[in-house]
1. Show the residue pairs that are 6+ apart or on different chains and have beta-carbon atoms under 6 Å apart, the first residue being within the range 38-66 and within 11 Å of Leu15 (Cα to Cα), the second being of a type in the set (Ser, Thr, Tyr).
2. Every residue in the range 1-57 that is within 17 Å of Ala122 (Cβ to Cβ), assigned to a helix (DSSP H, G or I) and not aliphatic (A, V, I, L, M), please.
3. Are any residues in the range 22-45 touching a Gly at 6+ places or on another chain (Cβ under 6 Å) and of a type in the set (S, T, N, Q), and if so, which ones?
4. Can you find, within the range 94-106, the residue that is surrounded by the fewest Cβ atoms within 10 Å (Cβ to Cβ) among those that are more than 19 Å from the chain's Cα centre (by Cα) and aromatic (Phe, Trp, Tyr)?
5. Mind checking whether some residue in the range 19-40 is at pLDDT 95 or above, farther than 26 Å from Asn99 by Cβ and of a type in the set (A, V, I, L, M)?
6. Quick one: is Leu114 under 17 Å from Ala11 (Cβ atoms), touching a Ser or Thr at 6+ places or on another chain (Cβ under 8 Å), part of a strand (DSSP E or B) and of a type in the set (A, V, I, L, M)?
7. Restricting attention to the range 82-91, and to residues there that are within 21 Å of Ala67 (Cα to Cα) and not small (Gly, Ala, Ser), which single residue is surrounded by the fewest Cβ atoms within 10 Å (Cβ to Cβ)?
Amino acid sequence: MADKDTPQEVAAKFLEKLKSSPFVMIGLMDGNHSEPMNVKTDDDQPNTLFVFSAPGNRIAKGGEAMAQFVGKGHDFFACLAGTISEETDRATFDKLWDNRVESWFPNGKTDARLNRFDIRSAELWETDVSLSGRLKMLLGGTIKPQESSSHAVVNSVA
């Protein structure tokens, strides 16, 4: 990569990666461990991820939270900070409900709760090392900054 991507470009890449692999480790900042969850995005609500869960799930009580993402090819990483709360808008619930979600809830929508994760800040890493950088890694050479990855700290991922 000759030029580093702007934070907005890195954030846009994150959203594309998330759409192709919509799984994150997410947890409340209450001492409990994070757990893998399938997230949904809504283009009408930027900087928000949605997670269907059972009402008794450990994130259902809401609060300050962190989520981590690793792209399918281990070429993109994200750490997101924000707040989880219940999404009470039924139209959003219905809009995001699909067959994949339904497969987790044998009794359908009545067993599910929609949580919203409002992202306050994010740190994003794209590890797309250039071809010359990859050769240097194999041969033990020094990678120049312009051959390495992009990194962004953002207050918005939209």
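1. Listed pairs, sorted by first residue: Asn47/Ser156.
2. Correct list: Pro7, Gln8, Glu9, Lys13, Phe14, Glu16, Lys17, Lys19.
3. Once the filter is applied, which keeps residues that are touching a Gly at 6+ places or on another chain (Cβ under 6 Å) and of a type in the set (S, T, N, Q), the range 22-45 yields only Ser34.
4. The residue in question is Trp104.
5. Looking for residues that are at pLDDT 95 or above, farther than 26 Å from Asn99 by Cβ and of a type in the set (A, V, I, L, M), one finds at least one in the range 19-40, hence yes.
6. On the way: under 17 Å from Ala11 (Cβ atoms): no; touching a Ser or Thr at 6+ places or on another chain (Cβ under 8 Å): yes; part of a strand (DSSP E or B): yes; of a type in the set (A, V, I, L, M): yes.
So Leu114 does not fit the description; no.
7. Step one: list which residues in the range 82-91 are within 21 Å of Ala67 (Cα to Cα), which gives 82-87.
Filter once more, so that each one left must be not small (Gly, Ala, Ser): 83-84, 86-87.
Working: Thr83: 15, Ile84: 24, Glu86: 13, Glu87: 20.
Of everything passing the filter in the range 82-91, Glu86 is surrounded by the fewest Cβ atoms within 10 Å (Cβ to Cβ).
Results for (1) part of a helix (DSSP H, G or I); (2) modelled with pLDDT of 65 or more; (3) more than 16 Å from Pro22 (Cβ to Cβ), shown as yes or no for each residue.
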| position | (1), (2), (3) |
| --- | --- |
| Met66 | no, yes, yes |
| Phe77 | no, yes, no |
| Trp104 | no, yes, no |
| Glu123 | no, yes, yes |
| Ser132 | yes, no, yes |
| Leu135 | yes, no, yes |
| Ile143 | no, no, yes |
| Ala158 | no, no, yes |
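The values are calculated or read from the model by the stated rules, or taken from the named source; none is laboratory data. Fair warning: this is a prediction, and the values are worked out from it, not measured in the lab. Glycine also receives a Cβ, built like all others from the backbone with ideal geometry; neighbour counts cover every protein chain displayed.
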